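Asker: Submitted below is the structure of interest, expressed as structure tokens.
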Amino acid sequence: SGTAGGAVVSTIIDSTVADFLSPVPSQITISGGGTFGDGITEGTISADDYISGRVNILAPLEMIIDSALVEADVESEEIDQADIEAITDHVVEARFYYNVINHLPIGTNVSIALSGDSAGVYASPELSFDDIFVTAAPVTAGIASDTVSTGYQLILLDNDDVQILKNDTLYIGSRILLEDTGGLPVRLTNNDYIQVIGRIEVDYRFDSDL
């Protein structure tokens, strides 16, 4: 509900795309074997004799990455339909606010897709915001040491865009295009991530007779 002098803010995206790229496995299984002697020379094995091995696993993982597209899991947001037409049919102004936070040592290009059909989020979205670029995070010794973000930016929406709020459930997907590293290796850790935050705000004309 709204007031005669106030706008209504409907948050429809609060999506975290974290750990979508996990270069460090949570479990590693190592197996091996050993052989004794050459099949010719005689020898004696006692209870105190043994054979041992050692494996060194070095992290972070160093990789050369070609341009690659990652599709995040589709999320959903329930939209309260009570008096929704009083909002969508009396729009004064609408905006999409977003912020993309990057903790990867490579730049990324993000697209956000919205649809009332979970199967069509990526194939045929009802509304999309494309080519949102965020630069690579600052690095120390080749490892991302801080985050960089677009900061909160806004995209103006028209009346047709706002009609997407008439869906009982809104499905939201994010495509992340990783930049090519140009044949140079980058170092990735399990602390690296990218986060996408966004919301739609609608100012509408309030009429008590509606």
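Asker: For the range 15-34, what are the residues that are among the polar types (S, T, N, Q), at pLDDT below 75 and out of contact with any strand residue (DSSP E or B) (no Cβ under 8 Å at 6 or more places or on another chain)? Even if it seems obvious, please write down each step before you answer.
Answerer: The initial filter retains those residues of the range 15-34 that are among the polar types (S, T, N, Q), namely 15-16, 22, 26-27, 29, 31.
Subsequent filtering for residues that are at pLDDT below 75 retains 15-16, 22, 26-27.
The answer is 22, 26, 27.
Asker: Please enumerate the residues belonging to the range 115-124 that are within 16 Å of residue 176 (Cβ to Cβ) and buried (at least 20 other Cβ atoms within 10 Å of the Cβ). Spell out how you get there, then give the answer.
Answerer: Kept after step one, since they are within 16 Å of residue 176 (Cβ to Cβ), are these residues of the range 115-124: 121-122.
121 - this is the single residue of the range 115-124 that is within 16 Å of residue 176 (Cβ to Cβ) and buried (at least 20 other Cβ atoms within 10 Å of the Cβ).
Asker: Now for a separate question. From 187, 205, which residue is touching a residue at least 60 places away in the same chain (Cβ under 8 Å), open to solvent by 20 Å² or more (accessible area, probe 1.4 Å) and touching a Pro at 6+ places or on another chain (Cβ under 7 Å)?
Answerer: Details: 205 fails: touching a Pro at 6+ places or on another chain (Cβ under 7 Å).
Testing whether each residue is touching a residue at least 60 places away in the same chain (Cβ under 8 Å), open to solvent by 20 Å² or more (accessible area, probe 1.4 Å) and touching a Pro at 6+ places or on another chain (Cβ under 7 Å) leaves just 187.
Asker: Which residue out of 137, 86 is within 19 Å of residue 203 (Cβ to Cβ) and open to solvent by less than 50 Å² (accessible area, probe 1.4 Å)? Quick ask: steps written out before the conclusion?
Answerer: Numbers: 137 fails: within 19 Å of residue 203 (Cβ to Cβ).
That would be 86, the only listed residue that is within 19 Å of residue 203 (Cβ to Cβ) and open to solvent by less than 50 Å² (accessible area, probe 1.4 Å).
Asker: Output the number of the condition that residue 91 fails; it satisfies all remaining conditions of (1) open to solvent by 20 Å² or more (accessible area, probe 1.4 Å); (2) β-branched (Val, Ile, Thr); (3) out of contact with any helix residue (DSSP H, G or I) (no Cβ under 7 Å at 6 or more places or on another chain).
Answerer: Failing condition for residue 91: (3).
Asker: Counting only residues that are more than 30 Å from residue 107 (Cα to Cα) and surrounded by 10 or more Cβ atoms within 10 Å (Cβ to Cβ), how many does the range 30-74 have? Break it down stepwise before answering.
Answerer: Just the residues of the range 30-74 that are more than 30 Å from residue 107 (Cα to Cα), to begin with: 30-56.
Among the residues that remain, those that are also surrounded by 10 or more Cβ atoms within 10 Å (Cβ to Cβ) are: none.
Number satisfying all stated conditions: 0.
Asker: Tell me, which residue of the range 40-73 that is in contact with a Lys or Arg (Cβ under 9 Å, 6 or more places away or on another chain) and not in a loop (DSSP other than H, G, I, E, B) is modelled with the lowest pLDDT?
Answerer: That would be 61.
Asker: Given (1) touching a Ser or Thr at 6+ places or on another chain (Cβ under 6 Å); (2) polar (S, T, N, Q); (3) assigned to a loop (DSSP other than H, G, I, E, B), where does residue 76 come up short, assuming only one miss?
Answerer: (3)
The values are calculated or read from the model by the stated rules, or taken from the named source; none is laboratory data. Predicted, not measured: the structure shown is a model, and the values here were computed from it. Neighbour counts are summed over all protein chains in view; Cβ atoms, including those assigned to glycine, are modelled from backbone coordinates with ideal geometry. Quick note on the areas: whole protein, heavy atoms, side chains included, nothing else; ligands and nucleic acids left out. Shrake-Rupley method; radii C 1.70, N 1.55, O 1.52, S 1.80 Å.
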